[in-house]
Structures are given as C-alpha cells and as structure tokens.
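Following: one structure in structure tokens, then a few remarks.
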Amino acid sequence: MPDLDVVRREIERMRIRTGRQRKEILQLQRAGVGTASAEALLSRMEAKIESLCAQRDALKNAQPRQTKGRVLGGRTW
C-alpha cells in the first residue's frame, strides 16, 4: 500500500490537472467546439480524486494516534 504522503501529493497533482482541464473546457466552449470527450475525461479525473481521497482517509485511520502528554502534574488542557 502506498505511503500517506505519496497519496496526498497525487491528490494535489490531480486537483491541479482538473483545474487546468476545466479551463480548457471553458476555452473550447467559448470557441464553439464540442466538449463531450473533454467533460468525460474530467469526470474520470474527478472519480480518480475521490478514490484517492478514500485511500488517503483509510491510510490516515490506519496510522496509530499520538497520545497527548499530560501537562503540569496531570492537568489536561
């Protein structure tokens, strides 16, 4: 299973790519060009991001939680 940081970087990279894809779709629409295939690609990219986010959440939940230390003789603020 991939590392949590690797998945986070991949999510960020995919989000940047989807933003660029959205801009390209808008440019194509302004030019009057059909955008059905570009919109299909965008939906696949968004689905990939959702699956990566689910994978990230699973990895995050699998990690052991850090326990907070007690401060000043047992008080927990």
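For the reader, a short list of remarks on this structure follows.
- Within the accessible area of segment 4-61 (1.4 Å probe), percent carbon and sulfur: 50 percent
- Distance between the 7 Å Cα→Cβ label points at SER51 and ILE16: 2.2 nm.
- Normalised by 2.2 N^0.38 Å, with N the number of residues, the alpha-carbon radius of gyration of segment 4-61 equals 1.34.
- Residue-wise HN-Hα coupling along segment 10-17, computed from phi with Karplus coefficients 6.51, -1.76, 1.60 (Hz; x: Gly, Pro): 5, 4, 4, 5, 5, 5, 5, 5
The values are calculated or read from the model by the stated rules, or taken from the named source; none is laboratory data. Since we're looking at a predicted model, the values are computed, not measured. Positions of Cβ are backbone-derived with ideal geometry, glycine not excepted, and every protein chain shown enters the neighbour counts. Calculation scope for accessible area: heavy atoms of the full protein, side chains included, ligands and nucleic acids excluded. Shrake-Rupley method; radii C 1.70, N 1.55, O 1.52, S 1.80 Å.
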